[in-house]
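What follows is calculated from the coordinates using simple rules that are stated; it is not laboratory data. Because the structure is predicted, anything quoted here is derived from the model rather than measured. Using ideal geometry, Cβ is built from the backbone for each residue, glycine included, and neighbour counts are taken over all protein chains shown.
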Amino acid sequence: MGHRTPLFAEHQRLGARIVPFGGWDMPLHYGSQIEEHLAVRNRAGLFDVSHMRALDISGTGARDFLRRLLANDVARLREPGKALYSCMLNEAGGVLDDLIVYFRGPERYRLVVNAGTADQDLAWIETQAQGREVAIRPRTDLAMIAVQGPEARRLAAPRLPPDLREPALALAPFFGVGDEDWFVARTGYTGEDGFEILLPADQAAVLWQGLVTDGVVPCGLGARDTLRLEAGMNLYGQDMDEDTSPLEAGLDWTLAWEPAERDFIGRAALEARRAAGGPGRFVGLLLTGRGVLRAHQRVLVEGRAAGIITSGGYAPSLQRSIALARLAPGIALASGDPCEVDIRGKPTAARLVQPPFVRHGTIRIDLD
């Protein structure tokens, strides 16, 4: 038996299919993964993401510490509540985790890290913080609920504490507002608008039940994965890991190279890779033949291996199969060019496309 979130009883009550994920027992779906996916694209869906870990980092050395720890630069965060997406790297430039960091105020930050890497992340952060004026507080007392979709914010706001309703609705994308316990951010992992809400664990069931009563559709890990894939968002452990750098995972935009004197962990290794000519590209694929794209399938160009799929599957919004893939260096395919994918030993027609596939309910690629 894995860890269970404060909402586990709610998942059981709703008849969810429970599966292990990152050491947690989590809902895969509540009946129809496709219906859950489309609910988020068309109206609003509800996700239990309490398995993710919030870490509050504070102290007179917090800013400088995070500028060393993260590949993106928290010096860019000047307004309270502003969020920044970043990778946390090892010395070899591999991705230990991807995360969001929120600026809470002078020398006060909140990190939200992935479930499967949370314990390792905390150990790494504590090791790197030794000798610095930094306090690290794991917020195991908090739950986290994501409400996503074009109607998500409108439906969620009345269920927030009264003093947070108007400030939450006024948030710009990638900003958050709240106190030490209730914190509402206009962020997500679906390609749709919405909130991610951190709140005391003992209050999570009331919020969840209220949102379900209001018609927000409970969604499991299955829909979360197809939504993020359509949105062209990476999944840790598939599209990148500690042996893969951001340069190889399409995340070079998260690397803050300036100022040149900021020596973040992994920088020297990444600079050496760039100087050596750089890695292959991270691309999207649309299957034009019959079958389903899956991770670890080989991408073929003129019958020769040209890359590997890192994430793939059926895209309900497109009614087609799509994938994210890493091409080998020197492969000169452009968006729209044909290729093939080895599906169970059979070369199957596909086409290179530029992610995202779907954002804010709009198909962003040519399906013809």
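For the chain, modelled as a Gaussian network with Cα springs under 10 Å, which listed residue fluctuates most, Pro27, Pro259, Pro80?
The residue that fluctuates most here is Pro259.
Can you pull a Stokes-Einstein diffusion coefficient for the chain at 10 °C (1.306 mPa s), Rh from Kirkwood over Cα pairs, as a whole number of µm²/s?
74
If you put +1 on each Lys and Arg Cβ and -1 on each Asp and Glu Cβ, how big is the dipole of the chain around its Cα centre, in Debye rounded to 20?
Details: 41 positive and 47 negative charges, 150 e Å.
It comes to approximately 720 debye.
Taking the radius of gyration and the Kirkwood hydrodynamic radius from Cα positions alone, what is the Rg/Rh ratio for segment 1-54, to two decimal places?
0.98
Of the listed peptides 52-58, 194-200, 17-23, 32-38, what is their order by residue-averaged count of other C-beta atoms within 10 Å, with the highest listed first?
For the peptides 52-58, 194-200, 17-23, 32-38, the packing ranking is 194-200, 52-58, 32-38, 17-23.
Contact order normalised by length for segment 129-210, with contacts defined as Cα pairs under 8 Å and 6 or more residues apart; what percent is it? Before the final figure, lay out each step's value.
On the way: 119 pairs, mean separation 28.6, N = 82.
Contact order relative to length: 35 percent.
To the nearest 500 deg cm²/dmol, what mean residue ellipticity at 222 nm is calculated for the chain from DSSP H runs of n ≥ 4 alone, each contributing -39,500 (n - 2.57), summed and divided by the residues? Write out the running numbers ahead of the final one.
Details: 9 runs with 77 residues, N = 368.
Rounded to the nearest 500, the figure is -6000 deg cm²/dmol.
With a Förster radius of 30 Å, plug the Cβ-Cβ distance of Gln120 and Leu14 into 1/(1 + (r/R0)^6) and report the FRET value to the nearest 0.05.
0.40
Who wins for biggest fluctuation among Ala75, Ala295, Ala204 in a Gaussian network model of the chain, springs between alpha carbons below 10 Å?
Highest fluctuation of the listed residues: Ala75.
For segment 144-199 and segment 229-279, what is the centre-to-centre distance using only Cα atoms, to the nearest Å?
Going from one Cα centre to the other spans 29 Å.
Measuring from label point to label point, each 7 Å out along Cα→Cβ, what is the Arg298 to Arg262 span in nm?
About 4.1 nm, to one decimal.
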